[in-house]
Amino acid sequence: MADLLLRNVVKRYGNYEAVRGISLEIPDTKFVALVGPSGCGKTTTLRMIAGLEDLSEGDICIGGRVINDVAPKNRDIAMVFQSYALYPHMTVFQNMAFGLRMRGLSKAEIRKNVEGAARILDISDLLGRRPRALSGGQRQRVAMGRAIVRHPKVFLFDEPLSNLDAKLRVQMRTEIKRVHQQVKTTTVYVTHDQIEAMTLADTVVVMNRGRIEQAGTPQELYHSPKTRFVAGFMGSPAMNFLPCLLEQNAAALTVRLADGTGFPVPESHLQRYRDAPGKPLLFGIRPEHITEPRGSVRGMFSEFTVVLDVVEPMGTETMVFFKLGGEAVSGRIDSGMSVPASGEKMRLVANMAHMHLIDPATDAVI
């Protein structure tokens, strides 16, 4: 096991920079997820760590050792790919043991390592089967087992769950987290699914256009995003963004939308926004902070009325969609509440304790 350091790492393809000078420190045993849309540079970064892509600039270090020119097989890393890449003519045991045989371990050591990994992954009863006799989830466990038996310094996961159905992805997320808690190896996990990243990782690194937009705990990124991109990317459904002006009336501030709707700013936020009145801004608020009227806290909840466009019952909650300030907005309603039909009016409240204001000129959250 070892820490992993990326220092001013750049990857160019001709004149195109796929990765633009990123720096990241991953402490020993920590689980870090690289997340972002297609083309953001996350997979290229992972492949540079693995040695499958050369660096254009910068350094990558494992355990304090610069590995820029070290061959992939000598980096002491193990990688789990999106495709399972199992040998179809070999049994599960043989697939998991293959890398150990290539390293010259004895039969007794190989059996001990394979059976130990199989117990962790709960696939001991599958060791005699071939891949064609396994489900997708079982094949992915075998691929993970093949990595675990090597006891590497670093695990690398390249979107390992994207080929599974939705229910199995949820199950395998739990399995991967459980395995990491037992094996405790430094892990870098690439995904485009922000829910996957938040549920698995100690630290989530949000990438966009080859750069790191923000790195932090899942809670930090969700509740305290630093940019519009992070605010919109983390969370499902995405945060609502509405153009607004910030009006000042004596010591009070009001978020004023294009249609005249006003939301008083809570006292706790006044100091933060003292220099923002009069500037064109974006008002950001997540769907779960637009709800039916409840036991409102004075100065935090602001009431308004809308005409519903779409109503989506989802069992545990009901999603409502409507126009506000000329923009499409979504809110979340408790499933126990009676919700009017599409085309009818509904009273809602915005929990302004969770508001965000964004400068559209810089996309920075104020």
Restricting to the chain, what percent of DSSP beta bridges are antiparallel, rounded to 5?
80 percent
Could you let me know the centre-to-centre spacing of the range 292-342 and the range 171-208, using Cα atoms, in angstrom?
32 Å
Which helices, taking whole DSSP H runs in the chain, have alpha carbons extending 24 angstrom or more along the helix axis plus mean Kyte-Doolittle at least -1.0?
166-183
Rounded if a/c is under 1.5, else prolate if a/b beats b/c, else oblate: with a ≥ b ≥ c from the C-alpha gyration tensor eigenvalues square-rooted, which is the chain?
prolate
Per DSSP H run of at least 4 residues, take -39500 (n - 2.57); add these up for the chain, divide by its residues and hand me the 222 nm value, nearest 500 deg cm²/dmol.
-7000 deg cm²/dmol
What pairs in Lys30/Lys153; Lys42/Lys167; Lys323/Lys345 have C-alpha atoms more than 19 Å from each other?
Lys42/Lys167
Cα gyration tensor of the range 4-132, axes a ≥ b ≥ c as square roots of the eigenvalues: rounded (a/c below 1.5), prolate (a/b > b/c) or oblate?
prolate
Amide H proximity to Phe301 below 5 Å, modelled H, separation 5+ or other chain, gives Met352
When we measure straight from the Cα of Lys226, which aspartates and glutamates land under 14 angstrom away, once same-chain ones fewer than 8 places off are left out?
Glu213, Asp359, Asp363
Given the options Ile67, Ile148, Ile212, state which has the largest fluctuation in a GNM of the chain using a 10 Å cut-off (strictly under) for Cα springs.
Ile67
Taking the chain as a Gaussian network, Cα atoms linked when under 10 Å apart, which of Asp125, Asp193, Asp309 shows the biggest mean-square fluctuation?
Asp125
With charges set only on the Cβ (+1 for Lys and Arg, -1 for Asp and Glu), what does the dipole of the range 240-365 come to about its Cα centre, in debye to the nearest 20?
300 debye
Of the candidates Thr29, Thr191, Thr318, which one comes out as most mobile in a Gaussian network treatment of the chain with C-alpha springs shorter than 10 Å?
Thr318
Kindly write out, for the range 308-314 in residue order, the coupling ³J(HN,Hα) from the Karplus curve 6.51 cos²θ - 1.76 cosθ + 1.60 (θ = phi - 60°), rounded to whole Hz, with x marking Gly and Pro.
6, 8, 9, 10, 10, x, 10
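Bear in mind that the values in this text are calculations on the coordinates, not laboratory data. All values derive from a computational prediction rather than experimental measurement. All Cβ positions, glycine included, derive from the backbone under ideal geometry; neighbour counts span all protein chains shown.
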